[in-house]
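Below is one structure, written out as structure tokens, with a few remarks after it.
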Amino acid sequence: MRVPFLDLHAHHAPLRAELDAAIAQVIDRSAFAGGPFVAAFEAEFAAHCGARHAVGVGNGTDALWLTLLALGVRPGDEVVTSPNTFIATAEAISFCGATPVFVDIDETTYTLDPKLIEAALTPRTRAIIPVHLFGQCADLDPILDLARRRNLPVVEDACQAHGAEYKGRRAGTLGVAGCFSFYPGKNLGAFGEAGAVVTNDEALKNKIQVLRDHGQAKKYYHSCIGWNARMDGIQAAVLSVKLKHLDAANARRRAHATEYAAFLADCEGLVLPIEADYNRHVYHIYAVRVPNRDRVLAALSELGIACGIHYPVPLHLQEAYRFLGHTRGMFPVAERCADEFLSLPMYPELTAAQVEAVAAALKQTVGVAPEVYARAV
Ligand SMILES: *Cc1c(COP(=O)(O)O)cnc(C)c1O
């Protein structure tokens, strides 16, 4: 059985008429850049998160960058974050002229280890960005406590955590702001690029609204140098349709995670995802860990099972950040995990038969010694 990593077509097929009608409405009203469909989605998304405000922007990277700019992050500043994330988290820091300061991750949740943050703070630290990786929140309470003591804002990178919860509260609403991406493959995905910032802080919301629109609150009167980071009307209309189905889709992801865990419980040499007791994980990615990852990935591919790696190189070892002078061994947990991560197919429309086929193929592959595998292929 062939199993794709992701199947957006299967996700959109039952919603197709509704999505087509939503796009047609935007065309009928020519509301393409910002406008009423963006405002409507912002209100709906804020309500879904349980936040007072949402500001629609061009993508998740813009959401992070404009939030940091609005918080006053400037050249020479430092922002603490995880090395185990998509590069956009660090790029947003760098595009403020600031320096990302990495702190190693917790080996069970793969998110920022709260115990290690304090030692990384300096007089130049301006913010902390926990990344809710794979759909699970970082352990926010100790991070928020430390941030309060040191008078630092916490910006949540919730780009993989739409609808996830930390102690009953939705991801993105615990820090001063939560940044979301609606890249097509995310749990809530647009038909192109889009993102949003959610916040309860009205002043921060106003600043981000101005920054996303060339520094203008009133047309052609520019109070600061901003950027073009508006959300498209078509993306907002599509997102409004898809938001109504997000909770059900996340519930199905969680059900598949339970099925995977049951099939794989007895598979030796495999580390399964661990859902911390304070979390409601939404499984944007279902990442297991295997010591001989690259061989397993290749073998699964031969069997028609499409897997991924999120992410093969931690940020401190990326060429783009070589100038920071980091070396292997500085963040050992992130490094070990990057060598072992293997993301299994995960999307709401997976069938029980597909989950079972993936699990069976994985068990067969993990259990086979390298010499035997070499002969078999
Ligand atoms: C996707 C993602 C981003 C960036 O979002 P874009 O919409 O692609 O700009 C940032 N951080 C994390 C953790 C992501 O997964």
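Here are some notes:
- For VAL3, residues with placed amide H under 5 Å, excluding near neighbours: ILE305, ALA306
- The stretch 1-63 shape via C-alpha gyration tensor axes, a/c threshold 1.5: oblate
- Counting DSSP beta bridges with both ends in the stretch 1-154, the antiparallel % (nearest 5): 10
- For the chain: accessible area per residue (Å², 1.4 Å): 42
- By the combined test of axial Cα extent (at least 18 Å) and Kyte-Doolittle hydropathy (mean at least -1.0), the qualifying DSSP H helices of the chain come to 16-29, 36-49, 246-264, 352-367.
- A convex hull fitted to the Cα coordinates of the chain yields 137 cubic angstrom per residue.
- Exposure ranking of ASP62, ASP7 by accessible area [1.4 Å probe, largest first]: ASP7, ASP62
- Largest-first principal axis extents, alpha carbons of the stretch 137-199, Å: 42, 21, 14
- Accessible area ranking (1.4 Å probe, heavy atoms, ligands and nucleic acids excluded), largest first, for SER301, SER343: SER301, SER343.
- Rounded to the nearest 500, the helix-only mean residue ellipticity at 222 nm of the chain stands at -11500 deg cm²/dmol, with each DSSP H run of n ≥ 4 adding -39,500 (n - 2.57).
- Per residue, the convex hull around the alpha carbon atoms of the stretch 17-99 comes to 135 Å³.
- Histogram of C-alpha separations across the stretch 236-344, 5 Å bin width, %: 2, 10, 15, 18, 17, 14, 12, 8, 3, 0
- Cut-off 10 Å between beta-carbons: net charge of the residues surrounding VAL271, Lys and Arg +1, Asp and Glu -1: -1
- Between ILE105 and ASP113, VAL333, ALA334, the built amide H atoms are under 5 Å apart, and every one of these is 5 or more places off in sequence or on another chain.
- Antiparallel content of DSSP bridges confined to the chain, in %, to 5: 65
- Taking amide H as placed 1.01 Å from N in the peptide plane, the amide H of ALA217 sits under 5 Å from that of SER223, each at least 5 places away or on another chain.
- Pairs of lysines in the chain whose Cα atoms sit within less than 26 Å of one another amount to 14, provided the residues are eight or more positions apart or on different chains.
- D (Stokes-Einstein, µm²/s), Kirkwood Cα radius, the stretch 73-133, 1.306 mPa s at 10 °C: 138
- Between the stretch 6-63 and the stretch 157-220, the alpha-carbon centres lie 13 Å apart.
- Most to least packed among 246-254, 229-237 [average Cβ atoms within 10 Å]: 229-237, 246-254
- For the stretch 223-297, the percent of C-alpha pairs falling in each 10 Å distance bin, counted from 0 to the bin holding the largest distance, reads 14, 30, 23, 19, 11, 2, 0.
- With every protein chain in place, the chain: carbon and sulfur % of accessible area (1.4 Å): 55
- The stretch 74-185 - Debye-derived log10 I(q)/I(0), Cα point model, q = 0.15, 0.16, 0.23 Å⁻¹: -0.56, -0.65, -1.38
- Only Cα sites of the stretch 285-326 enter the Debye sum here, all with the same form factor; the resulting log10 I(q)/I(0) across q = 0.31 1/Å is -1.07, listed in q order.
- Scaling the Cα radius of gyration of the stretch 135-253 by the globular reference 2.2 N^0.38 Å produces a ratio of 1.17.
The values are calculated or read from the model by the stated rules, or taken from the named source; none is laboratory data. All figures in this text were calculated on a predicted structure; none of them were measured in a lab. Cβ atoms come from the backbone with ideal geometry, glycine included; neighbour counts cover every protein chain shown. Just so you know, the surface numbers come from the protein's heavy atoms only, side chains and all, with ligands and any DNA or RNA stripped out. Shrake-Rupley method; radii C 1.70, N 1.55, O 1.52, S 1.80 Å.
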